[in-house]
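Enquirer: Dumping the structure here so I can ask a few things about it.
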Amino acid sequence: MIKVSNLFKSYKVKKKQHSVLDDISFEVGAGQVYGIIGRSGAGKSTLIKCLNLLEVPDSGSIMIDGVDITKISAKELRKERQQIGVIFQHFNLLSSKTIFENIALPLVLQSNYSKEEIKEQVNKMLQLVGLQDFANKYPASLSGGQKQRVGIARALITKPKLLLSDEATSALDPQTTASILELLLEINQKLGITIVLITHELEVVRKICDKVAVIDSGKIIEEGDSAAILLHPKEALTRKLVIEEGFELYLENVKDFYSFEKSSERHIILLSFIGENTYQPVLSNISKATDCHFSILRGELDRIKNTPFGQLLIEFQGSESALATAKNILKEMNVHYEIIY
């Protein structure tokens with residue numbers, strides 16, 4: 001669906017060129033939800049704006065369904081943009097127009113649709129986003145979540161093949177965010193639309209993304225399946241984004257109430273389970289095969305999109321040979337482990 005190759009983008013500030021995107025390459029399959037995360041100023045917003053040429057890159061290619069949009073005419077680009085919907089962080093609704101009129105606006109601007117066709121399409125979108133009773137209301141009377149639903153309906157009204165989301169939930173409270181994520185997931189599954197989103201919220205990645213890329217200083221430093229990135233990050237920055245801040249705080253709390261002294265026979269280990277491995281009796285198998293003992297310090301069971309996962313933080317007490325046996329069992333059962341202390 002999308003193939004970005006060797007993308008570079010810079011801005012001239014005070015007669016000096018400042019690089020924003022530095023040799024960015026990635027691919028998004030048709031129907032996937034692809035997340036881009038990173039710290040403020042990493043280049044996320046510039047990257048997503050390049051995907052419909054709101055920002056024109058200095059060099060590189062952006063293939064969307066086999067068309068390199070960096071090499072087509074202005075007329076052809078306008079046509080391509082009709083197949084790309086955009087959801088904005090701050091809704092961008094017209095306050096003087098009704099909800100119906102805001103959603104209808106892209107069809108009105110295309111001038112290819114009769115009033116009856118526009119009414120039919122808008123009513124379908126209102127039904128899809130659960131706002132069928134709000135057609136004649138104005139944006140000022142809506143909550144933040146309802147405004148974002150209008151923004152989503154407007155982005156979908158032209159039946160795009162690609163949906164770009166620019167921090168669509170960052171201005172919303174957690175409960176409203178959850179409902180918007182459920183809606184985006186429903187849209188992805190029902191309509192098969194490819195979604196590319198930027199976010200700094202891990203819950204967004206966890207709930208709906210198939211794949212995720214981590215961007216820092218204009219470079220993609222890590223990319224892969226969401227479960228792999230969230231559970232087993234390799235890069236230091238990724239660990240900081242997805243694990244360490246909360247995890248280190250938790251370990252500090254553990255130290256406050258749990259006496260632990262590192263030795264050759266005492267270790268704190270983090271176990272991660274993905275998919276069917278989540279339901280395996282891992283500790284039971286290790287216990288039967290060795291003379292070790294466990295203390296469970298923390299446990300979590302959840303899903304990353306549709307994939308179940310679990311994590312256990314344990315203290316392992318046993319000999320070096322018992323630890324070696326445990327490692328072999330974990331490898332055989334495809335359970336990822338990391339010795340924390």
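Derivation of every value follows stated rules applied to the coordinates shown; laboratory data play no part. On a predicted model such as this, the values are computed, not experimentally measured, just so you know. Every residue, glycine among them, receives a Cβ derived from its backbone with ideal geometry; neighbour counts consider all protein chains shown.
Enquirer: Given 5 Å bins starting at zero, what is the percent of C-alpha pairs of the range 1-97 in each, up to the one with the largest pair distance?
Expert: The calculated distribution, bin by bin, is 3, 10, 20, 23, 19, 13, 7, 3, 1.
Enquirer: Under a cut-off of 12 Å between alpha-carbon atoms, report the aspartates and glutamates in cross-link reach of LYS137, not counting same-chain residues fewer than 8 places apart.
Expert: GLU101
Enquirer: Moving to a separate point now. Do any trypsin sites (Lys or Arg not before Pro) in the range 287-330 lie in a DSSP loop with no more than 13 other beta carbon atoms within 10 Å, and if so, which?
Expert: Numbers: sites: LYS288, ARG298, ARG303, LYS305, LYS327; in loops: LYS305.
Counting only loop positions with at most 13 other Cβ atoms within 10 Å, none of the trypsin sites (Lys or Arg not before Pro) in the range 287-330 qualifies.
Enquirer: Residue separation times 0.36 nm, minus the C-alpha to C-alpha distance between SER284 and ASN123: what's the value? Intermediate results must be reported in sequence, preceding the final value.
Expert: Details: separation 161, 0.36 × 161 = 57.96 nm, distance 5.57 nm.
Additional length available on full extension: 52.4 nm.
Enquirer: Once phi is turned into θ = phi - 60°, what whole-Hz ³J(HN,Hα) does the Karplus curve with 6.51, -1.76 and 1.60 give for every residue of the range 169-179, x standing for Gly and Pro?
Expert: 10, 5, 9, 10, 6, x, 5, 5, 4, 4, 5
Enquirer: Quick one: grab the alpha carbon gyration tensor of the range 84-194, order the square roots of its eigenvalues as a ≥ b ≥ c, and give me rounded if a/c is under 1.5, else prolate or oblate depending on whether a/b is larger than b/c.
Expert: On the way: a/c = 1.66, a/b = 1.22, b/c = 1.36.
Note, shape of the range 84-194 comes out oblate.
Enquirer: How high is the relative contact order of the chain? Use alpha-carbon pairs under 8 Å, at least six apart in sequence, and give a whole percent.
Expert: About 18 percent, as a whole number.
Enquirer: In whole angstrom, note down how far apart the Cα centers of the range 289-341 and the range 160-197 are.
Expert: 34
Enquirer: Using DSSP to define loop residues, name the trypsin sites (Lys or Arg not before Pro) in the range 86-194 whose beta-carbon has at most 13 other beta-carbon atoms within 10 Å.
Expert: Here no loop site has a sparse enough neighbourhood.
Enquirer: How much net charge surrounds GLU80 when only the other residues with a Cβ under 13 Å from the Cβ of GLU80 are counted, with Lys and Arg +1 and Asp and Glu -1?
Expert: It works out to a net charge of +3.
Enquirer: Principal axes first, then extents: for the Cα atoms of the chain, list largest minus smallest coordinate on each axis, whole Å, largest first.
Expert: That gives 77, 51, 35 Å along the principal axes, largest extent first.
Enquirer: Would you calculate the convex hull of the Cα atoms in the range 183-247 and tell me its volume per residue in Å³? Don't jump to the answer; show the numbers that get you there.
Expert: Numbers: hull volume 5.8 nm³, N = 65.
Hull volume normalised by residue count: 90 Å³.
Enquirer: Explain nothing, just the number: dipole magnitude of the chain about its Cα centre with +1 on each Lys and Arg Cβ and -1 on each Asp and Glu Cβ, in debye rounded to the nearest 20.
Expert: Working: 41 positive and 42 negative charges, 310 e Å.
Around 1500 debye, computed over the chain.
Enquirer: To check my understanding: the extent here is largest minus smallest coordinate of the Cα atoms along each principal axis. What are those three numbers for the range 258-339, in Å, largest first?
Expert: On the principal axes, the range 258-339 reaches 39, 27, 17 Å in Cα extent.
Enquirer: With labels modelled as points extended 7 Å from the Cα through the Cβ direction, what inter-label distance (nm, one decimal) is found for SER5 paired with LYS137?
Expert: The modelled label-to-label distance comes out at 4.9 nm.
Enquirer: Please determine, in degrees from 0 to 90 and to the nearest 10, the orientation of helix 115-128 with respect to the longest principal axis defined by the Cα atoms of the chain, where the helix direction is its Cα long axis.
Expert: In the chain, helix 115-128 runs at an angle near 20 degrees to the longest axis.
Enquirer: Now, a different point. Highest GNM mean-square fluctuation, the chain, Cα pairs closer than 10 Å: which of VAL13, VAL129, VAL150?
Expert: Its mean-square fluctuation being the largest, the pick is VAL13.
Enquirer: Right, something else. Taking the chain as the reference, fit the longest principal axis to its C-alpha atoms, fit the long axis of helix 320-332 to the helix C-alpha atoms, and give the angle between the two in degrees, 0 to 90, nearest 10.
Expert: Result, in degrees: 30.
Enquirer: Over the chain, with a Gaussian network built from C-alpha contacts below 10 Å, which listed residue (ASP22, ASP58, ASP133) shows the highest mean-square fluctuation?
Expert: Evaluated over the chain, the most mobile residue of the options is ASP133.
Enquirer: Which of LYS16/LYS161; LYS75/LYS190; LYS71/LYS115; LYS207/LYS327; LYS75/LYS159 have a Cα-Cα distance over 28 Å?
Expert: LYS16/LYS161; LYS75/LYS190; LYS71/LYS115; LYS207/LYS327
Enquirer: Would you mind telling me which residue in LEU93, LEU163, LEU297 has the biggest mean-square fluctuation in a Gaussian network model of the chain, where springs connect alpha carbons within a distance under 10 angstrom?
Expert: LEU297
Enquirer: With both bridge residues required to lie in the chain, what share of the DSSP beta bridges run antiparallel, to the nearest 5%?
Expert: Counting only bridges with both partners in the chain, antiparallel ones make up about 75 percent.
Enquirer: HIS267: net charge of surrounding residues, Cβ under 13 Å, Lys/Arg +1, Asp/Glu -1, itself excluded?
Expert: -2
Enquirer: Another question, if that's okay. In a shell of Cβ-Cβ distance under 15 Å around GLN89, excluding GLN89 itself, what net charge do Lys and Arg (+1) and Asp and Glu (-1) give?
Expert: Values: positive: LYS44, LYS49, LYS147, ARG149, ARG154; negative: ASP166, GLU167, ASP173, GLU201.
Result for the neighbourhood of GLN89: +1.
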